[in-house]
């Protein structure tokens, strides 16, 4: 999976650091990230899908050359994480810049076009592309950074008293000096569910999403329920069948949706008739292990679980 970057190690412990010239800067615009493709990005050869990210020095020089030296003062650089000895920072606009008046976080395509020359040679690339980007450890860092970027973007003011929030110096937390409220990164627990029936597995396709491949049943855990209860509820809601023998498999941090994914296998309990929740799914079907053509991409928990089932149940005749 995408987090499996051994022997390298991602350290997410917060440090109150300032960027060095060679540290990596992640700069997001909506759901896109400033990067430079190297080679033939989107190639069928994974090794060619290399993305390069600006270092602090060239990022700052890009701002100065395009908008003047003083423009740098309107940015802050927040330490995010490290992989071995490499540090990654989030670049954010401060003051009036945050509202899109200058290099703003606006989704409008015209704004994006204006931004392409901001750091020479770089462009904004949709974060969904980072599923297949190389090197893998940088893709994992970028997806994790996107999770934190969303949290910082959405938490400027205290939800209790409305006063501005401030960065804490010692931990990954935003604090309110007025009412002492503490705001920590939001992580949403969700389940990925492989429903099986002997040599069959229930595969689905989402409705109204850009992701068109086969997937497994998935859903967020609600207030006051266990993740095992989430499994039973989501399966019943989405495909209308009952399950038993719910067994935990693995977890995966998934920054694209701000989630912690918990993978479960379970068995069909009774009638196998599928009643599809069409608002969520376009397809729900039982597929025999021998007929599975979903390839493990070594990125997602879903693909790994499908491959695990296939390899354990495929016939060897």
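Rule-based calculations on the coordinates, nothing more; no lab input. Quick caveat, the model's predicted, so the values are computed rather than measured.
Could you tell me how far the Cα centroid of the stretch 123-138 sits from the Cα centroid of the stretch 244-299, in Å?
25
Could you give the angle, 0 to 90 degrees to the nearest 10, between helix 136-154's Cα long axis and the longest principal axis of the Cα atoms of the chain?
70
How far is helix 227-239 tilted, in degrees, relative to the longest principal axis of the Cα atoms in the chain, given as a value from 0 to 90 rounded to the nearest 10?
Tilt relative to the chain: about 70 degrees.
If you fit an axis through the alpha-carbon atoms of helix 301-313 and take the longest principal axis of the Cα set of the chain, what angle between them do you get, 0 to 90°, nearest 10?
Long axis of 301-313 versus the principal axis of the chain: about 30 degrees.
In nm², what is the average projected area of the convex hull enclosing the Cα atoms of the stretch 206-287?
On the way: hull surface 23.8 nm².
For the Cα atoms of the stretch 206-287, the hull's average projected area reads 5.9 nm².
How big is the chain in terms of Cα radius of gyration and Dmax, in angstroms?
Every Cα atom of the chain included, Rg and Dmax give 22.0, 71 Å.
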